[in-house]
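These notes concern the structure reproduced below.
Each reported figure results from applying straightforward, stated rules to the coordinates on display, with no laboratory input. Note that the coordinates shown come from a computational prediction; the quantities given were computed from them, not determined experimentally. Glycine also receives a Cβ, built like all others from the backbone with ideal geometry; neighbour counts cover every protein chain displayed.
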Amino acid sequence: MLRPALDLVLSALEQIQENSEKKLCASRAAIDRLFQAAPLVSSNSESLRESKVDRLAAVQARVAVCTKCPHLACSRTQTVFGVGNPDAEIMFIGEAPGVEEDAQGEPFVGRAGQLLTKIIRAMGLAREDVYIANILKCRPDLPPGSFGNRVPTPLEMQTCRPYLVEQIDIIQPEVLVALGAVAVEGLLGTRGTMRELRGRWHSYNGTPLMITYHPAYLLRNQSPSEKRKVWEDMLQVLERLERPITEKQRNYFL
Ligand code: SF4
């Protein structure tokens, strides 16, 4: 952006210098130095402006001090923004941080998260290759003395959703994977049963969206047929990305 503008200015100055009787106060050496400096200035400013890392960090900084849900801002240990490759082809979206995510500040690090990591590895990818985030960036609070996790309310999800929208806009993944019906509700604003929703392509603002079970569901229901359903959804994701699929991968849980 800057370089073409600077080129125009410099060539105009050169022309004026050549055609004008009046001498300009810019020496050839100074003009040459400007030309030499331009690519550096240009690439630095563009990478600063366009760097996904920087843009994500800016959103993360706003999330870290967000108090739009005062009850959650009071109860959280910290916000849980998201983790992974800013250039990821696949972005996984869950519902909200649980107790372990709240403690560690990273999404999907508890038992369900470890299962998600296994699924990602079985796809031939590393956790660092994808991006993982939740609809809600704060852990849903619970009455004092209670244990476990609470499902986020529609209002909480609606309030926090703009941050996720920004993350998706910056990362621009090829494929989104929503984990569970609550994540779908948070992302699309529509309720449905997983039976209706999973296993087929949906769309979020033009980005293909695969809906599958939350890994926590697989921890509760360990039957191979349910694992196979999630795996079939992941095979569809790999096919959509035109990634090679081995026979072994095709036959998981069969
Ligand atoms: S859940 Fe989201 S909107 Fe609500 S306080 Fe946390 S970061 Fe802010």
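Computed from the Cβ-Cβ distance with R0 of 41 Å, the FRET efficiency linking ARG121 to HIS71 stands at 0.65.
Between GLN172 and ARG240, what length comes free when the chain is fully extended (0.36 nm per residue of separation minus the Cα-Cα distance, one decimal in nm)?
On the way: separation 68, 0.36 × 68 = 24.48 nm, distance 1.55 nm.
Here the segment from GLN172 to ARG240 would lengthen by 22.9 nm.
What net charge is computed for the residues neighbouring ILE168, neighbours being all others with C-beta under 15 Å from the C-beta of ILE168, Lys and Arg scored +1, Asp and Glu -1? Once all neighbours under 15 Å are counted, the net charge is -1. Along the axis of the charge dipole computed for region 129-254 (Cβ charges of +1 for Lys and Arg, -1 for Asp and Glu, origin at the Cα centre), the listed residues GLN249, GLN167, GLY206 are led at the positive end by GLN249.
What is the sum of charges around ARG240, taking Lys and Arg as +1, Asp and Glu as -1, for the other residues whose C-beta is under 14 Å from the C-beta of ARG240?
Neighbourhood net charge equals -4.
Annotation for region 48-85 versus region 140-175: alpha-carbon center distance of 12 Å.
For TYR217, the shell of other residues with beta-carbons less than 11 Å away shows a net charge of +3, using +1 for Lys and Arg and -1 for Asp and Glu.
Diagonalising the gyration tensor over the Cα atoms of region 148-254 and scaling each eigenvalue by 5 before taking the square root yields semi-axes of 25, 19, 11 Å, largest first.
Ranking PRO70, ALA96, GLY82 by Cα position along the charge dipole of region 67-113, where only Lys, Arg, Asp and Glu carry charges on their C-beta atoms, puts PRO70 farthest toward the positive end.
Looking at region 138-254, the DSSP beta bridges with both ends there are about 50 percent antiparallel. Counted residue by residue at 0.36 nm each, then reduced by the alpha carbon distance between them, the extension gain from ARG250 to THR193 reaches 17.9 nm.
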